[in-house]
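**Student:** Okay, here's the structure, questions in a sec.
Only the coordinates and a few stated rules stand behind these numbers; no lab work does. The shown structure was predicted, so the numbers you read here are calculated from the model rather than taken from an experiment. Quick reminder, even Gly has a Cβ in these numbers, built from the backbone with ideal geometry, and neighbours come from all protein chains shown.
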Amino acid sequence: MNCSKLPRSRSFQYHSHLSSQYVDGLRGALVVYDPADPHLSLYDVDDANTVVVLADWYHTPAIQLNDQFFSDDNGGGHEPVPDSGTINGKGRFIGGPATPWARINVQQGLRYRPRLINASAYGFFTFSIAGHSLKIIEVDGVNHDPLTVDFLDIHAGQRYSVIVEANKPVANYWIRAPMSLQHASDNDNCTFFPSRRGYWLIVIIIQ
Ligand SMILES: [Cu+2]
């Protein structure tokens, strides 16, 4: 790929496009690092450890979901409802195994640049970190004046870079990314949709 054509220091997702194939997992993060990033002085760590891919996950193959979605029996086009939300490929579902949560270790005193990417088919996530604010510096591949928030909504296909300062006492902190669905109120399929899935554990360690 000729990377000189890509914008610099930006976060993207890639996914396959044979019909809805990417819903079955052929999707991931694509990050372009810029040695001249105007926000470089604001953070210390920006590497593979801080790429955070959020995604919904269905237990039914996408090709079957397509058939259900476009079926005449689907009451006006109710979207298929995901069985789980995942953070970096890990998630839990009602009645499923206690899959270990995704986690990231950080060092107290450093500033990190998580790159949040929503690779979902449908779900969006409300992302936050207990006790920590998020300083947004990039949105959908465009650098942004720093804006500090407590949480943000990230919809399918969207990307945010935020700065998180590991400036709290050494401890474990929950990262929360409960998944929501647009049009949930008029989607009969959502009757079975339990709320608040997709937690992630962040561990701050001193080295
Ligand atoms: Cu696409």
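**Student:** Wrap a convex hull around the Cα atoms of segment 7-52, take a quarter of its surface area, and give that in square nanometres.
**Tutor:** Working: hull surface 16.3 nm².
If you wrap the Cα atoms of segment 7-52 in a convex hull and average its projections, you get 4.1 nm².
**Student:** Something else about it: For segment 3-205, what ratio Rg/Rh do Cα atoms give with a Kirkwood hydrodynamic radius?
**Tutor:** Using Cα coordinates only, the ratio equals 0.99.
**Student:** I need the peptides 168-181, 88-101 ranked by packing, meaning the mean over residues of other C-beta atoms within 10 angstrom, with the highest value on top. Display every interim value, and only then the final one.
**Tutor:** On the way: 168-181: 16.6, 88-101: 12.9.
Order by mean packing, descending: 168-181, 88-101.
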